[in-house]
Amino acid sequence: MQRVIVIGLDGGTLDLMQPWMDDNSLPNFNKMRKQGSYGYLRSTTPCYSAPAWVSIVTGSNPGKHGIYDFFRTDCFAQKNLISSRYRKKPAIWNLLTEAERKSIVVNVPGTYPPEEINGVIITCLLTPSFESNFTYPKEIKNDLTDNKLGKYELEQIAVDDIPKYLTAKYAPEKLSNQINMITTSHATVTMHLMERLNWDFTMVVFRGTDDVQHLLWDRKDLILSCYKKADEYIGKIMNKYPDALFIVVSDHGFGKADKYFYINNALYNAGYIKTTSDPTRNFNTILTLFFNKTSKFLFYIFPMQKIVRSKLGKKLIMSTVISSNIDFSKTIAVYHSICSRGIRINLKDKYEFGIVENKNYDKIRNEIIDFLENIRDPETGEKIVKKIYKYEEIYGKNAVNDPLDIIFDLKEEYGAQELIQPLPGIEAIFKNYGHNLPIVSKPGFYDWIGDHRPNGIIFMYGDNIQSNNRIEASVIDIVPTILSAMDIPISNDIDGRVIEEAFIKKPKIRRINNDIKKKQLLTEAELKKIKKLKLR
Ligand SMILES: [Zn+2]
């Protein structure tokens, strides 16, 4: 029986890896490239981790699995994180459970809370805290210690960002060391589980490459050290399980972010967004600017991670991330979140303080699309937005979980910012912007200097894989490829195709007509709660 190992390298890009494979800085990737098949793996639209990883593990487009962002898109004016329960399609570990195969799943984005499967799940960065149940079976958590499975490093979204930003700024080497320590932790726990269980499928994601590229894009030496750490563990696992089929993937590629487009500033200037107070004078703006100025001092004086992970710290950070001074009862449309690349229209029938009549939906949506299309960078006079879609054009009319109304891609050099505020610099407080907030800036204190690109990576390696073979695939092709390699039929409802051209002896592809439903994991009470979600 073919065993399969999937290793994720968040944000892995061939642009950086090609020269590092050429000079053998990444010997195991180089080996996979020469003795296996490799190439680009196309990401989702938008090319961000939440939709892309979920497409990788379901074989479905976001319109079917319903994950478009780290934040749920069915709540307006509230920021609720997505979870495994919110996903509408079965993941590979659900399908394998049904086929009576055993899985080990470690650190895959979107797996919290862990589902009951045939095997083990240890969840990822959307886990609220170490106190929560983040393993299945529950008891495994007690074994995540040095003398048993290994200590498990749990990252926490948003909360861990500030210490990471500050470390990147003031002690970049320390950041890459921390990232390598996290990779070691996740690899060690995974390898110990592989030794102890009779598994058929193992998947682990190394997330650190994404962080280091976002924050330290100009320090290629430190980025290389993080790729090397992943390469080292991939080599160890390859040597230990020579009979397995290896698939190494990334959720998207990476590149430089030169400038930032403040989308909500643009919507504010045009009158689509109203605020409760002058955005240049509100508490969050002042706090943010003050923090920029004092951050170096804070970094050296305080144990940042301890403070931000404390109950009070978490509360303060999450409320700053989430709150803005948007007056939703007067706002027509808003850019949803930093990674959403999408705009929500405030429909009267849908939201508590909605103001746009249903009959005006098309008119307003077309008007905003026109507006976006014609926004120009004041510095260059060039357009900023590359392509704009109505949600149904990419996700389909029946897309689940309420996707955002307008989705768009920016030109490659631009990152996106959701804050409504003057641009970085304390002097902003003393300037009167009136109704003309700047819309483009160089990366500010909280902006990444590297950002995502649509082309990720795929490497396939094993006895039955063609050597020295260039391939091209999409994130939705991974699940059908795994299933057919394991001789399991593929539901017709799965969107992707089998990457046949990578195999020497082509796997038998069996398509079946049943739409395997994901077990409905939400309780009645939870469903009720979601329906009742209200604006702040
Ligand atoms: Zn990222």
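Computed values, structure above
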quantity	calculated
Burial order of peptide ranges 399-406, 387-394 (average beta-carbon count within 10 Å, highest first)	399-406, 387-394
Packing rank of 217-226, 353-362, 180-189, where each peptide gets the mean count of other beta carbons within 10 Å, highest leading	180-189, 217-226, 353-362
Above-threshold pairs, the threshold being 22 Å between Cα atoms, out of Lys164/Lys442; Lys220/Lys387; Lys64/Lys390	Lys220/Lys387
Table column - 3J(HN,Hα) (Hz), the range 84-99, Karplus curve with 6.51, -1.76, 1.60, x for Gly and Pro	4, 6, 7, 6, 9, 10, x, 8, 3, 6, 6, 5, 5, 4, 4, 8
Approximate spin-label separation Asn436-Lys383, in nm, with each point projected 7 Å along Cα-to-Cβ	2.4 nm
For Met194, Met203, order by how many other beta-carbon atoms lie within 10 Å, fewest first	Met194, Met203
Phe254 long-range amide H proximity, modeled H, under 5 Å	Arg453
Gap separating the Cα centres of the range 10-67 and the range 466-507, nearest whole Å	15 Å
Built amide H within the under 5 Å cut-off of Ile490, gap 5+	Arg510, Arg511, Ile512
Efficiency of FRET between Asn464 and Arg196 - r from beta-carbon atoms, R0 30 angstrom, step 0.05	0.65
Amide hydrogen neighbours beyond the local backbone of Phe503, cut-off 5 Å, H modeled	Gln466
Under Karplus coefficients 6.51, -1.76 and 1.60, residue-wise ³J(HN,Hα) of the range 397-410 in Hz, glycine/proline x	4, 9, 3, 8, 6, 6, x, 5, 6, 10, 10, 8, 10, 8
Karplus-derived HN-Hα couplings along the range 36-50 (A = 6.51, B = -1.76, C = 1.60, θ = phi - 60°), whole Hz, x at Gly and Pro	x, 10, 7, x, 7, 10, 5, 7, 7, 10, x, 8, 10, 4, 4
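Rule-based calculations on the coordinates, nothing more; no lab input. Bear in mind that the values here come from a model prediction, so they are computed numbers and not experimental data. No Cβ is skipped: glycine too gets one built from the backbone with ideal geometry, and neighbour counts run over all protein chains shown.
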